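The values are calculated or read from the model by the stated rules, or taken from the named source; none is laboratory data. Keep in mind it's a predicted model, so treat the numbers as computed, not measured. Ideal geometry is used to build each Cβ from the backbone, glycine not excepted, and the neighbour counts take in all protein chains shown. With ligands, DNA and RNA removed, areas are computed over all heavy atoms of the protein, side chains included. Shrake-Rupley method; radii C 1.70, N 1.55, O 1.52, S 1.80 Å.
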Amino acid sequence: MVIAGGFWGDEGKGKIISYLALKDGLDLCVRTGSVNAAHTIWFGGKRYALHMVPCGFVNEKCRLLIAAGANVHVPQFLNEVELTGVKNRLGLDGQASIIEEKHSAQDKASEHLKGLGTTGWGVGPSIEERVRRTAKLAKDVPELAPYLADVALETNQAIDAGKEVLLEGTQGLLLSLFHGSYPYVTGRDTSASAICSEAGVGPTKVDKVVLVFKSFVTRVGTGPLPNEISKEEAIKRGWFETAAGTGRDRRSAPFNFELARRATMINGATHLAVTKLDCVFSQCQRARDYERLPLEAKHFIERIEDETRVPVSFIGTGPDALDLIDRRE
Ligand code: IMP
Ligand code: MG
């Protein structure tokens, strides 16, 4: 199963992954992308904003891997390993590239990148270095030696053995270097295909692509946001958020059916997840039964299904991993 974001990131992928890790008994969870993306999880009354460790960590039996295509920030990686206590079940591909302090300095010093509203972690400059073929890789860093693994091999073996494997994407389609609102995008493709490519899993091995949308749209940084509402209006509607990673204000807009259709197409989604339904329809708070949702909330979900022609299988109704309606048979 692949999990991807449908808008500009921050759709609540962390929550959906943590639910699946617990509910579907995940055996393996593979993180892609880099440190610019923070995945938020509420678990056991505690909030985690993970930039490196896969969200499957909430299931103690789940093996955690970081893909060859990922880009690793060593201090952040080591901090999160400590925080989540996953040292003995975490593997990191030796080919993953390393993001260094100098990349962050280059990111922050660049007027061009500042104009795009980057997160400042240095992902763009670090990927440039990887493409130039002068990047440091995980296998070159002594502190990472205990974690090194062949992620593509382990992942494919697990799939072939019929284990439950989840590939964890980051950000959203509209931040994709290829399919997003260039130049206001991140330094990589964020689509489901790219997630597989980073992990080293071929398209014939994928059964399910779960595309995650939030019930309204948010975006941090600059670049177009159709039908954007003011911060005051966002606060009034209960949509105002700040970024889990950088603390910046998130801009917001109503759910966008046209963009959702396109994201569904490009990701080849087989299932949709819609999070934060309770922020648009307050009577949905912590609901776990679809039949008991108010009619207007059901109409909203049905319209998403009509427009995308893909079932909304998961609906988020609160922050906890288990505040969710699971509509799979
Ligand atoms: P960069 O990825 O730091 O280079 O930033 C490029 C653009 O992607 C900026 O608009 C960032 O705000 C946005 N961005 C990067 N990562 C995330 C994320 O995880 N969530 C939301 N926006 C992100
Ligand atoms: Mg995020």
- For ILE266, work out the one condition from (1) part of a loop (DSSP other than H, G, I, E, B); (2) open to solvent by 30 Å² or more (accessible area, probe 1.4 Å); (3) out of contact with any Gly (no Cβ under 7 Å at 6 or more places or on another chain); (4) within 18 Å of SER181 (Cβ to Cβ) it doesn't fulfil. (1)
- Query: Could you list, in sequence order, the residues of region 25-68 that are within 13 Å of ligand 1 (Cβ to nearest atom) and either free of Cβ contacts under 8 Å to residues at least 24 places away in the same chain or farther than 22 Å from THR186 by Cβ (or both)?
  - Reply: none
- Under 9 Å by Cβ, and 6 or more places apart or on different chains, what pairs join a residue from region 184-202 that is assigned to a helix (DSSP H, G or I) with one that is open to solvent by 30 Å² or more (accessible area, probe 1.4 Å) and aromatic (Phe, Trp, Tyr)? ALA194/PHE178
- Note on the structure: Within region 10-32, residues being within 14 Å of ligand 2 (Cβ to nearest atom) and under 14 Å from LEU272 (Cα atoms) number 6
- Query: Can you tell me which residues in region 202-219 are buried (at least 20 other Cβ atoms within 10 Å of the Cβ) and either out of contact with any strand residue (DSSP E or B) (no Cβ under 7 Å at 6 or more places or on another chain) or within 17 Å of THR264 (Cβ to Cβ) (or both)?
  - Reply: VAL209, VAL210, LEU211, VAL212, PHE213, LYS214, SER215, VAL217
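Looking only at region 40-54, which residues are more than 22 Å from GLN95 (Cβ to Cβ) and open to solvent by less than 10 Å² (accessible area, probe 1.4 Å)?
ILE41
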- Item | Scope region 13-48; condition assigned to a strand (DSSP E or B) and either on the phi > 0 side of the Ramachandran plot or among the aliphatic types (A, V, I, L, M) (or both); matching residues | LEU28, VAL30, ILE41
- Message: As an exercise: evaluate ALA253 against (1) open to solvent by 10 Å² or more (accessible area, probe 1.4 Å); (2) without any contact (Cβ under 8 Å) to a residue 40 or more places away in the chain and give the number of the one condition it does not meet.
- Response: (1)
- Note on the structure: Among helices (runs of 4 or more DSSP H) entirely inside region 84-179, those with 1 or more residues being in contact (Cβ under 8 Å) with a residue 40 or more places away in the chain are 111-116, 123-132, 151-160
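Listed here are the residues, each with its yes/no results for (1) among the charged types (D, E, K, R); (2) surrounded by 14 or more Cβ atoms within 10 Å (Cβ to Cβ).
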position	(1), (2)
GLU232	yes, no
GLY238	no, no
ALA243	no, yes
GLY247	no, no
ALA260	no, yes
LEU277	no, yes
- Message: Go through (1) away from ligand 1 (no atom under 12 Å from the Cβ); (2) touching a Lys or Arg at 6+ places or on another chain (Cβ under 9 Å); (3) over 26 Å from THR317 (Cβ atoms) for LEU177 and report which single condition fails.
- Response: (1)
- Look through ALA194, ALA199, ALA161 and report the one residue that is more than 23 Å from PRO311 (Cβ to Cβ), aliphatic (A, V, I, L, M) and open to solvent by 50 Å² or more (accessible area, probe 1.4 Å). ALA161
